[in-house]
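Below is one structure, written out as structure tokens, with a few remarks after it.
The values are calculated or read from the model by the stated rules, or taken from the named source; none is laboratory data. Since we're looking at a predicted model, the values are computed, not measured. In this analysis, Cβ positions are derived from the backbone assuming ideal geometry, glycine residues included, and neighbour counts consider all displayed protein chains. Please note that ligands, DNA and RNA were not included when accessible areas were found on the heavy atoms of the full protein model with its side chains. Shrake-Rupley method; radii C 1.70, N 1.55, O 1.52, S 1.80 Å.
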Amino acid sequence: MRNLFEELGYSKFDIENRVIECWNNIFDQKNPNHFYFEADDKTGFMEDTGNDDARTEGMSYGMMMAVQMNRKDIFDRIWKWTKKYMFMETGPNAGYFCWSNGIDGTKNAEGPAPDGEEYFAMALFFAARRWGNGEGIFNYTQQAREILHTAIHSDNKMWFEENHHIRFVPNCPFTDPSYHLPHFYELFAEYSDPEDCDYWKAAAKASREYLIKACHQKTGLAAEYANDDGTPLPKNKHGTFFSDSYRVASNIGLDALWFGQTPELSKIAGNIINFFDEKKAEELTDYLVDGTALKKKARHPIGLIATVAQAAAAVEKGDKNFGAAERAVRRFWETPMRTGRRRYYDNCLYFFAILALSGKYVVY
């Protein structure tokens, strides 16, 4: 796996220390900045410190982090909490996970957020391949396959059959560009139920094509919520470059690391990097996708710096954008993790970028 930090001259010792430091900042309960917590029933959860809840986004992220770091103990604790408190057994969303729970386990909603389901499935498949399957909820492969089967075969689908686009929520008329993970779908085609192989291959192709449409031709920016033709929803309905949108850059970078570059997506990565080149954290705002700055300051500036740096994984040496990509990675390296109430989302994106740029965000 490509190690961009090492390519830019950072030592293996310093890179390893940074990975461990970031892990401890999130998961070490003696660290004042942690947001992973353990309960007496041998479960664990990731708290969204900005909203005082546990979300499928963060829970699935925590599982992915744990499998990448070979921490089966933490992986199993998070998965056990997820199944115990978030899984919905009845109603139209049966088979999915409640997107938000109180930290005491109480459900705050009756529906799922599909980015959680796709991360749960991918993390579970990796767990099976790294550690082997256990019994019951720890038969990771079976659990992942059940999630994906529900997502594309139930009456309340997370993907539309006619275009293979993931929805913002099941059966929703629009999508979220940051939910499009073609690199996951390539692996779902290999790991999920064999009869769904062609479906997931088509989804991978469709999502790469969609991202090319959804990202602005000059800035590379995508909206939080967008139509199936790639056009942003209205400004007052999350049609701007805001928190969810940051992940598009990191997704393009990880897709390039796992499956090689798609020229059109590499161009988008370069455009994103150039747009934010040398912008200071305190200068970052929300934007229209054409780059027009809005008055509201970016809620997650550290997460944005991290995802822009991760986009550099889609840019090779010799590319005209490599100079800006190098500056983005170096800026990220010099930027500390976030502290305070809003640290959860920023530091999740931060750690994923550290894993990706150090060659430690790998396929199992």
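Side notes on the structure shown:
- The requirement of being crowded, with 24+ Cβ neighbours inside 10 Å and over 19 Å from Asp255 (Cβ atoms) is not satisfied by Met122.
- Scanning region 307-364 for residues that are part of a helix (DSSP H, G or I) and small (Gly, Ala, Ser) yields Ala309, Ala311, Ala312, Ala313, Ala314, Gly323, Ala324, Ala325, Ala328, Ala353, Ala356.
- Just one of the listed residues (Gly116, Gly136, Gly220) is open to solvent by less than 10 Å² (accessible area, probe 1.4 Å), at positive phi and either modelled with pLDDT of 95 or more or under 20 Å from the mean Cα position of the chain (by Cα) (or both), and it is Gly220.
- Residue count, region 200-217 (criterion: open to solvent by less than 20 Å² (accessible area, probe 1.4 Å) and either aliphatic (A, V, I, L, M) or more than 21 Å from Asn163 (Cβ to Cβ) (or both)): 5
- Members of region 95-110 that are under 17 Å from Ala121 (Cβ atoms) and either in a loop (DSSP other than H, G, I, E, B) or open to solvent by 40 Å² or more (accessible area, probe 1.4 Å) (or both): Gly95, Tyr96, Cys98, Trp99
- Flag if Asp286 is surrounded by 17 or more Cβ atoms within 10 Å (Cβ to Cβ), of a type in the set (D, E, K, R) and part of a strand (DSSP E or B): yes
- Filter result (touching a residue at least 60 places away in the same chain (Cβ under 8 Å) and within 24 Å of Thr231 (Cβ to Cβ)) within region 161-190: Asn163, His165, Pro170, Asp176, Pro177, Ser178, Tyr179, His180, Leu181, Pro182
- Residue within region 312-329 that is more than 19 Å from the chain's Cα centre (by Cα), acidic (Asp, Glu), buried (at least 16 other Cβ atoms within 10 Å of the Cβ) and at pLDDT below 95 present: yes
- Some residue of region 14-25 being aromatic (Phe, Trp, Tyr) and either at pLDDT below 95 or farther than 23 Å from Asn108 by Cβ (or both): yes
- Single unsatisfied condition, Arg341 versus (1) among the charged types (D, E, K, R); (2) open to solvent by 20 Å² or more (accessible area, probe 1.4 Å); (3) under 25 Å from Ala123 (Cα atoms): (3)
- Residue ID - surrounded by the most Cβ atoms within 10 Å (Cβ to Cβ), chosen from residues in region 12-60 that are of a type in the set (Val, Ile, Thr), touching a residue at least 24 places away in the same chain (Cβ under 8 Å) and assigned to a helix (DSSP H, G or I): Thr56
- Out of Phe174, Phe184, Phe168, sole residue that is over 30 Å from Asn133 (Cβ atoms) and crowded, with 20+ Cβ neighbours inside 10 Å: Phe168
- Scanning region 231-243 for residues that are out of contact with any Pro (no Cβ under 8 Å at 6 or more places or on another chain) and either in contact (Cβ under 8 Å) with a residue 24 or more places away in the chain or open to solvent by less than 10 Å² (accessible area, probe 1.4 Å) (or both) yields a total of 6.
- Consider region 244-266 and keep the residues that are touching a residue at least 24 places away in the same chain (Cβ under 8 Å) and surrounded by fewer than 19 Cβ atoms within 10 Å (Cβ to Cβ). The one that is nearest to Met1 (Cα to Cα) is Trp258.
- Selection status of Ser154, modelled with pLDDT of 95 or more and buried (at least 23 other Cβ atoms within 10 Å of the Cβ): no
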